[in-house]
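Quick notes on the structure that follows.
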Amino acid sequence: MKPDTLKVFLDGLKLLNIKLDEKQIEKFSVYLDELKKWNQKFNLIGPATDEEIIKRHFLDSLSVVPLLPTSNLQLPAILDIGSGAGFPGIPIKIALPDISLTLLDSSKKKMEFLRHLCKKLDIKAEAICGRAEIVAKMSTHQGKYDFAVARAVAKLSTAEKLCLPFLKNGGILILQTGNRTDINLKNGEIMEKFRLPEKILPGRVVLSIRKTQPFLKKSPLGAAGFTLIELMVVVALIGILAAIAIPKFAEMIRRTKQGKTKGELGNLRSAITLYYSDSEGMQYPQNAAAISNETGPMQTKYLSTMPAVKLGLNNYQETTDIDDFNDGDALTDLGNWGYIASRGRVFVNCAQSDAKGELISSW
């Protein structure tokens, strides 16, 4: 870090009453360098000065640390939901290296950065690429964590529904948000409310919410339910129907998703063509970041929102990611959008075949 940047960081640590040794501070310096380098290519956090990164991301993430146990007898399992460029999970792990950390994000390019960063910083953390509502239903993650952390929450009710299933009963959800008034929790209670010092982030609040009860649904069978014989008959009938219907239904879903993706591909190409026409044939969007930027010209004039790739294949998740390619580049087979700025060409970055046997990248 530059001396003036380091001073901002050290002053912030004092305000948060957090002590780091030289090795830990050096890791934040490496983190800053890697983040700026990758941000130029992947637009992980948008344009930001070093001081803005220190305050908005490093110190904001570290504001969670006072709410976590630091005793060696308590090594909590922490899940960072929507980790993005590693916030707040990675800064917490640097400050508290003994915790067990899991990073969760649906963006493949951000997950690629996180895995690279963990190796660079010699940090041990599990990195999962997937949507939170899907991962939360997996037995390996449902009800397994002592703490869950999340930033930039739109609605507390949404965060509660999305995050609490990951926690053990009595587990703690820590949300970093603005000064909220829409607090109406169904399955959690607020334990602490911590406001960041104004010199770091004005109006920033950290909420600590304890999970009070599991998410249970009432049985649609009523109080009596089924007898054992009736239940066995129902299960047998369901098995027979499933054996007949599921294969056809799965193929129908796959074709529907691929049809949707083809339609969205057409929309993207049309938007790029209109952009090129309005530029009097002088230039296409300069790079993938120009297309995916929500406040850029593509999404404020030509697209209502960045469309998603929905392939319907088991190894691909729905994504709006778009990566830059040059003519002649080999596919990386990430199942996202690819873009060649020199020709204004957008395609699906997938080496698989579609339901008709056609190569998906050739659409």
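Per the conditions (1) modelled with pLDDT of 55 or more; (2) assigned to a loop (DSSP other than H, G, I, E, B), the sole criterion not satisfied by L162 is (2). Does L104 satisfy the criteria of being within 23 Å of N336 (Cβ to Cβ) and either under 17 Å from the mean Cα position of the chain (by Cα) or at pLDDT 95 or above (or both)? When the stated conditions are applied, L104 passes them. No other residue among E34, E26 is part of a helix (DSSP H, G or I), in the same structural domain as A150 (by TED's automatic domain parsing), within 20 Å of K93 (Cβ to Cβ) and touching a His at 6+ places or on another chain (Cβ under 8 Å) apart from E34.
Every residue, every condition in (1) of a type in the set (F, W, Y); (2) more than 23 Å from F113 (Cα to Cα); (3) within 26 Å of the chain's Cα centre (by Cα); (4) at pLDDT 90 or above, yes or no:
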residue	(1), (2), (3), (4)
L268	no, yes, yes, yes
S277	no, yes, no, no
G281	no, yes, no, no
P285	no, yes, yes, yes
V309	no, no, yes, yes
N315	no, no, yes, no
N326	no, no, no, no
L334	no, no, yes, no
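Looking at (1) touching a Ser or Thr at 6+ places or on another chain (Cβ under 8 Å); (2) surrounded by fewer than 18 Cβ atoms within 10 Å (Cβ to Cβ); (3) among the β-branched types (V, I, T), which one does T295 not meet, given that it meets all the others? The failed condition is (1).
For every residue, the table says whether it meets (1) under 27 Å from D146 (Cβ atoms); (2) surrounded by fewer than 20 Cβ atoms within 10 Å (Cβ to Cβ); (3) assigned by TED's automatic domain parsing to the domain that holds V149.
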{"position": "G46", "(1), (2), (3)": "no, yes, yes"}
{"position": "D50", "(1), (2), (3)": "no, yes, yes"}
{"position": "I53", "(1), (2), (3)": "no, no, yes"}
{"position": "H57", "(1), (2), (3)": "yes, no, yes"}
{"position": "D60", "(1), (2), (3)": "yes, no, yes"}
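The values are calculated or read from the model by the stated rules, or taken from the named source; none is laboratory data. Because the structure is predicted, anything quoted here is derived from the model rather than measured. Cβ coordinates were reconstructed from backbone atoms using ideal geometry, including for glycine residues, and neighbour counts include every protein chain displayed.
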